[in-house]
1. If you count, for each residue, the other Cβ atoms within 10 Å and average over each peptide, how do B:157-163, B:322-328, A:28-34 line up from highest to lowest?
2. Given the options B:Ile365, B:Ser133, B:Leu218, identify the residue whose Cα lies farthest towards the positive end of the charge dipole of chain B (+1 on Cβ of Lys, Arg; -1 on Cβ of Asp, Glu).
3. In whole Å, what are the Cα extents of segment B:201-286 along the three principal axes, biggest one first?
4. Quick one: check the C-alpha center-to-center distance for segment A:104-124 versus segment B:210-253, whole angstrom.
5. Once the other residues with Cβ under 9 Å from the Cβ of A:Thr33 are scored (Lys, Arg +1; Asp, Glu -1), what is the net sum?
6. I need the phi-derived Karplus couplings for segment A:116-121: 6.51 cos²θ - 1.76 cosθ + 1.60, θ = phi - 60°, integer Hz, Gly and Pro marked x.
7. Would you please state the base-10 log of I(q)/I(0) at q = 0.16 1/Å for segment A:21-88, with intensities from the Debye formula using one equal scatterer on every alpha carbon?
8. Taking amide H atoms as placed 1.01 Å from N in the peptide plane, list the residues 5 or more away in sequence, or in a different chain, whose amide H sits under 5 Å from that of A:Gly28.
Amino acid sequence: MPLTIMIVDDSPTMLMSLEGMLSKNGYGVVKATSGEQAFATLKGGTKPGLLITDLNMGAMDGIELIRQARKLPGFQFLPMLMLTTESQQAKRAEAKAAGATGWLVKPVQPDALIGVIKQVVPGS
Amino acid sequence: MTTLTALLPTGLLSWLGWGQGPARTTAAAPPPPEHAVVAAPVEDPRPVVLAEGLRHYEDYSEVVRLQLDCVTEVTEAAALDILKQLQGIDCALGDLLTFLREASSSARVSQMMTQAQQQIAAGRDTLDSFLRSRSQEASSEEQQLEEVAASARRLNDFVEEARSIARRTNMLAINAAIEASRAGETGRGFAVVAGEVKALSQRSDELAQRIGSGLHDLDSIMHAAVEAIVSQAAARERENIEKISAAVGSLMDTLEVLVAHQREILVKAQQENEHIAQPVMALMGSIQFQDITRQQLAHVGRAMAVMNGHVARLRAAVEDPSQTIDTGSIQRELDQIFNDYVMARQRHAHTEVVGGDKEEVGPAIELF
């Protein structure tokens, strides 16, 4: 059973780039274009094996999405990664406090991304 | 109230024709000579020109903002198109790789070899069947010749019988001659007959011997013929079989070389295909630059809007001197622009111009 990864970004380019890289490596992909849409999908019962979210996405940003998702039943230990242009230490600390598993700065190359996924989801 | 020129950036003043020196408008006119008649004071035209210039700036900044939106739209459409093309290439490469893997797999090659061996084995069976058939035919020919030889041997028995009769007739003639001698004058004629009978029996024996000799020769010739037919045919067939066997062996060798060569080509093609697939994947990652550019342009657009608002307030103050100007607003707006940046590179560019501490950039990948 391939690992399903939810990718959340308001950029169609990012979603398509990530989907291409992930599906090529055998992962299933669920997409969302905003924090709100992603949260609604998770709340609706979708249970990915990994969440990768952008930071800046309008009303509900990536950190808030992670903070809210952590409160959902069954999501306490789900790996959640931030993928953003931002590299500020303060923002990283905020994301970590919200429950993020890691921080990746855009652009991320396929090898690096797959390497991180294998680290946070062993055996995937 | 702060003067307007103190609030505007030097570049903007220059663009408006309001440098730190004398303005290019009527303000640059030489002072009237002392003896001239002093005319009624002329209203200073600079506020009007300044307000007009600021209005143009607002229009211009709106044009720039729209141009930025246009750039974002165009690059996003291009990036998505490139990604679709890359996915198409990747898909085609994937199909080709799958085909090459299947074609060059050991199972596939083994299957080809097995098929070839089965076909060759079938050919050998056909050859064996042919040989068995030929062997049966040769046996039949040998048997027929043997039957002829047996017939000849049976004739030889008849010859022996004829010779036996001749010998007994000869003995009979001898006995008749003895009895004729005992009979004296009366047996003389009988003695002549006995002599003729003896001569005939001897002649019969001679002929029987010749026939026997001829039959013996015929038997030898037949044996030689049978031997020759069987051994020569076997030698010829053995020679032909060896030729066929050599041809089949050569065919197998050629087939193995061909299969090995084909496998080599397929493996090479597979490797090259994988080499092509890697940069395709890397390009899928690199195309993320469009999102980074989009965010940068969006921020420039927001900064333009902030500056536009500031310029609008300046213009309002120019048009209505009774309005006060908040001198701290531009700093707050610049601070807001700084806080809205979404990447370290933007903040670096900002601090290089307006000053401030350089931000320390964290690692590109960090697991908490």
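1. A:28-34, B:157-163, B:322-328
2. Of the options given, the answer is B:Leu218.
3. 126, 11, 6
4. Rounded to whole Å, the Cα centres lie 80 Å apart.
5. Details: positive: A:Lys31; negative: A:Asp9, A:Asp10.
After counting each charged neighbour, the total is -1.
6. Each residue of segment A:116-121 in turn: 5, 4, 5, 6, 7, 10 Hz.
7. -0.53
8. A:Leu3, A:Thr4, A:Ile5
The values are calculated or read from the model by the stated rules, or taken from the named source; none is laboratory data. Since this is a predicted model, take the numbers as computed values, not measurements. Positions of Cβ are generated from backbone atoms using ideal geometry, with glycine treated the same way; all protein chains shown enter the neighbour counts. Side chains included, ligands, DNA and RNA excluded: accessible areas come from the protein's heavy atoms. Shrake-Rupley method; radii C 1.70, N 1.55, O 1.52, S 1.80 Å.
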